[in-house]
Amino acid sequence: MTGITGQDGSYLAELLLAKGYEVHGVVRRSASFNTGRIDHIYRDPHESGARLFLHYGDLTDAGSLQSILAKVDPHEVYNLGAQSHVRVSFDQPAYTVDVVATGTIKLLDSVRVQQDRAGRQIRFYQASSSEMYGLVQEVPQTERTPFYPRSPYGCAKVFGHWATINYRESYGMHASCGILFNHESPRRGETFVTRKITRAVGRISLGMQRKLYLGNLDALRDWGFAGDYVEAMWLMLRQERPDDYVIATGKMISVRDFCELAFGHLGLDYRDFVEIDPKYFRPAEVEQLLGDAEKARRALGWTPRTSVDELARMMVEHDLELARREKTLRDAGHELPESVGHDQ
């Protein structure tokens, strides 16, 4: 699994371990070992019974991918690794394309080579994205809706999506794409809008932050829970034939509505705290995304279990507790990260 230390990777690793898998994750070598999301399931790999193993590698380095695949000889590969922040992709377009587009084809080809070497099929999952629809051509969006990406990230995801289909059709690989619409959780990165909102709610409620600065409050999104969505990834690789599936809730609300849900959970009015900062606007906006997951419901038996109201409540409660711990440390005179207590 690439991207194992991310939001989706951590939930998928939990799911696979619960189902008896031995899980191998690819992590990039960096100054800090960013495993916070999986520390609760990771144990010393030398201990008896360890079933989660981490390997240094990078989607930009085909050699490392080939080496890991040869060593592990997996039955399934999940490609979740990416530079996945849409706004950042405008600032780092070449890097985003290198990881998300070129990295996907490097991994696909490495899997193809390992499959030939092992003499058996390796099932492959590609994390496609609703951002591929961009300037939407129809509402709701299905597997047949034309793509019209509006960011370097979206463009790169379209490449990875079609590369996966190409390898499926060219080499007979069991390669499936999950076109996942926005999916959030308490493990979401703090620069993503939903988590930025719920982190601010916790801090504002305790007097640690005064304002929350956001971009387009009218953008409409189909938001679900990441813990539900990773089950769909696993189900795709259980099918006899590979295919592509939209994974979504079929319900759409605005960023403004999510603010109202999150602040309202603690009895606050978002209008007292939220202000617009133009620096958070994208150069090309995606105004609305709404997925039709009927195919996944029919073929996979998958339906989302968590409503957006429940999702917002879950995230606020988590981030309120996190803010309480931060406040306790601050009041005790401990130094906190620079962002804590400052307007975001």
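The values are calculated or read from the model by the stated rules, or taken from the named source; none is laboratory data. Just so we're clear, the structure is a prediction, and the values are computed from it rather than from any experiment. Don't worry about glycine lacking a Cβ; one is built from the backbone with ideal geometry, like all the others, and counts go over all protein chains shown. Ligands, DNA and RNA are excluded from the accessible area calculation, which covers all protein heavy atoms including side chains. Shrake-Rupley method; radii C 1.70, N 1.55, O 1.52, S 1.80 Å.
Each row is one residue, and each column tells you yes or no for (1) in a helix (DSSP H, G or I); (2) under 26 Å from Ser151 (Cβ atoms); (3) in contact with a Lys or Arg (Cβ under 8 Å, 6 or more places away or on another chain).
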| position | (1), (2), (3) |
| --- | --- |
| His40 | no, no, no |
| Ala70 | yes, no, yes |
| Tyr78 | no, yes, no |
| Arg87 | yes, yes, yes |
| Tyr125 | no, yes, no |
| Leu135 | no, yes, yes |
inquiry  = Checking Leu52 against (1) under 19 Å from Leu12 (Cβ atoms); (2) in contact with a helix residue (DSSP H, G or I) (Cβ under 6 Å, 6 or more places away or on another chain); (3) open to solvent by less than 30 Å² (accessible area, probe 1.4 Å): exactly one of these is not met. Which one?
reply    = (2)
ask   = Would you pick out the residues in the range 274-294 that are surrounded by fewer than 20 Cβ atoms within 10 Å (Cβ to Cβ) and over 23 Å from the mean Cα position of the chain (by Cα)?
value = Glu275, Ile276, Asp277, Pro278, Lys279
ask   = When both residues are 6+ apart or on different chains and their Cβ atoms are under 8 Å apart, which pairs have a first residue that lies in the range 265-290 and is within 20 Å of Gly202 (Cβ to Cβ) and at pLDDT 95 or above, and a second that is assigned to a loop (DSSP other than H, G, I, E, B) and open to solvent by 50 Å² or more (accessible area, probe 1.4 Å)?
value = Phe273/Arg210; Phe273/Lys211; Val274/Lys211; Glu275/Lys211
message = Just to check your reading of the model, which residue among Tyr133, Tyr153, Tyr148 is within 15 Å of Val286 (Cβ to Cβ), touching a residue at least 60 places away in the same chain (Cβ under 8 Å), open to solvent by 10 Å² or more (accessible area, probe 1.4 Å) and of a type outside the set (A, V, I, L, M)?
response = Tyr153
ask   = Which of (1) at negative phi; (2) touching a residue at least 40 places away in the same chain (Cβ under 8 Å); (3) surrounded by 15 or more Cβ atoms within 10 Å (Cβ to Cβ) is the odd one out, the single condition Lys19 does not satisfy?
value = (3)
message = Give me the residue from the range 51-92 that is of a type in the set (D, E, K, R) and farther than 27 Å from Ala219 by Cβ and, out of that set, modelled with the lowest pLDDT.
response = Arg51
ask   = Name the residues in the range 230-273 that are of a type in the set (Asp, Glu) and either surrounded by fewer than 16 Cβ atoms within 10 Å (Cβ to Cβ) or closer than 30 Å to Ser176 by Cα (or both), would you?
value = Glu231, Glu240, Asp243, Asp244, Asp269, Asp272
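Let's see how each residue does on (1) out of contact with any Cys (no Cβ under 6 Å at 6 or more places or on another chain); (2) open to solvent by 50 Å² or more (accessible area, probe 1.4 Å); (3) within 27 Å of Gln115 (Cβ to Cβ):
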position: Met1; (1), (2), (3): yes, no, yes
position: Arg29; (1), (2), (3): yes, yes, yes
position: Glu47; (1), (2), (3): yes, yes, no
position: Thr60; (1), (2), (3): yes, no, yes
position: Ile68; (1), (2), (3): yes, no, yes
query = Quick check, is Ala101 within 25 Å of Phe281 (Cα to Cα), open to solvent by less than 40 Å² (accessible area, probe 1.4 Å) and not charged (D, E, K, R)?
reply = yes
query = Considering Asn34, Asn79, which residue is touching a Ser or Thr at 6+ places or on another chain (Cβ under 7 Å), loosely packed, with under 15 Cβ neighbours inside 10 Å and within 25 Å of Arg188 (Cα to Cα)?
reply = Asn34
request  = With the checklist (1) more than 21 Å from the chain's Cα centre (by Cα); (2) open to solvent by 40 Å² or more (accessible area, probe 1.4 Å); (3) of a type in the set (Val, Ile, Thr) in hand, flag the one item Thr303 doesn't pass.
outcome  = (1)
request  = Filter the range 104-123 for residues that are farther than 23 Å from His85 by Cα and open to solvent by less than 10 Å² (accessible area, probe 1.4 Å) and give the result.
outcome  = Ser110, Val111, Gln114, Ile122
query = When the range 181-204 is examined, which residues are found to be part of a strand (DSSP E or B) and either open to solvent by less than 10 Å² (accessible area, probe 1.4 Å) or modelled with pLDDT under 95 (or both)?
reply = Glu184
message = Please pick out the residue among Asp272, Asp243 that is within 25 Å of Asn216 (Cα to Cα) and not hydrophobic (A, V, I, L, M, F, W, C).
response = Asp272
task = Note down all Cβ pairs under 7 Å where the first residue falls in the range 308-329 and is closer than 22 Å to Asp222 by Cβ and surrounded by 13 or more Cβ atoms within 10 Å (Cβ to Cβ), the second is modelled with pLDDT of 95 or more and acidic (Asp, Glu), and they're at least six residues apart or on different chains.
result = Leu311/Glu184; Met315/Glu184
